[in-house]
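Reading through the structure tokens given below for one structure.
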Amino acid sequence: MIVPPTIVVPCGSFFLGAVSSDKYADAAELPRRRVEVGSFEMGIHPVTNLEWAAFASGLQGDLSLPVTNDPKLPVTNVSWHDAQAYLAWLRCGTGKSWRLPTEIEWEYACRAGSETLFPQGEDLSPIDANFLYDESLERIGPGHLTPVGFYPSNAWGFHDLLGNVNEWTSSPWTRSHELLATIVPGLFTIRGGSWDGLPRLLRPSWRDGLAETTRSDHLGFRVARGG
């Protein structure tokens, strides 16, 4: 069994949602509010083809090996339910409480104590993350997935939280951060942005909702446990 490496995230609090200077913020990223977060563990990088293959090599059909077998690339074309099947396999094999991170945990780990537009500051450079276009729609990125860990980690040691693949979370989709916001049935929240996006879609506060059966070449996940 291959178990994805994790980092322990310390307990603390942070402001969830778009920063006040963010001209790209929309209603889904508001209101900005302080949130307390307990300690948990989260994958250093998205689950890779190598890690997925350890689970899926004996399976048939939709959960079989991905189209590309490059072991260092993040696995893609996995639905929310596919991710749940992988996590159930990890729980069975290790006896530990593996799960998807919540979107609050994801943003907390992504920000890593920062309160700027991006964890690195007010701008995002193509040396910071894997994305395709700048805000003028000029192509500046590689235009394909890159191996996990290719870009620098954030302040807490996580790789690829921004760019490369969008990531499933365990959180049902809501259209705002209101405490009593209505859950949209059948949709789950994704975070992070992907290799074919542009900086506004890689902001730590950016979020979107996808049908739980969605599979695409820019959609993956990372693991969490505890908390």
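The values are calculated or read from the model by the stated rules, or taken from the named source; none is laboratory data. It should be emphasised that the depicted structure is a prediction, and the values quoted were computed from it without experimental measurement. Glycine also receives a Cβ, built like all others from the backbone with ideal geometry; neighbour counts cover every protein chain displayed.
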State whether the residues of the range 157-172 include one that is free of Cβ contacts under 8 Å to residues at least 60 places away in the same chain, among the polar types (S, T, N, Q) and surrounded by fewer than 22 Cβ atoms within 10 Å (Cβ to Cβ). no
Residues within the range 23-48 that are surrounded by fewer than 21 Cβ atoms within 10 Å (Cβ to Cβ), within 16 Å of residue 204 (Cβ to Cβ) and in contact with a Lys or Arg (Cβ under 7 Å, 6 or more places away or on another chain), tallied: 2
Of the conditions (1) modelled with pLDDT under 95; (2) buried (at least 23 other Cβ atoms within 10 Å of the Cβ), residue 129 satisfies every one except a single condition; which number is it? (1)
Is the range 134-155 home to any residue that is touching a helix residue (DSSP H, G or I) at 6+ places or on another chain (Cβ under 6 Å) and hydrophobic (A, V, I, L, M, F, W, C)? no
Those residues of the range 78-114 which are of a type in the set (Gly, Ala, Ser), assigned to a loop (DSSP other than H, G, I, E, B) and under 24 Å from residue 16 (Cβ atoms), in sequence order: 97, 112, 113, 114
Check 182, 189 and return the single one that is without any contact (Cβ under 8 Å) to a residue 12 or more places away in the chain and touching a Lys or Arg at 6+ places or on another chain (Cβ under 8 Å). 182
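So which of 94, 48 ends up being more than 23 Å from residue 163 (Cβ to Cβ) and either among the polar types (S, T, N, Q) or at pLDDT 95 or above (or both)?
Sole residue among the options that is more than 23 Å from residue 163 (Cβ to Cβ) and either among the polar types (S, T, N, Q) or at pLDDT 95 or above (or both): 94.
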Could you say whether any residue in the range 79-91 is surrounded by fewer than 17 Cβ atoms within 10 Å (Cβ to Cβ), within 24 Å of residue 37 (Cβ to Cβ) and modelled with pLDDT of 95 or more? yes
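Is there a residue in the range 150-162 that is assigned to a strand (DSSP E or B), aliphatic (A, V, I, L, M) and more than 14 Å from the chain's Cα centre (by Cα)?
no
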Restricting attention to the range 21-44, does a residue exist that is hydroxyl-bearing (Ser, Thr, Tyr), more than 19 Å from residue 193 (Cβ to Cβ), at pLDDT 95 or above and in contact with a helix residue (DSSP H, G or I) (Cβ under 6 Å, 6 or more places away or on another chain)? no
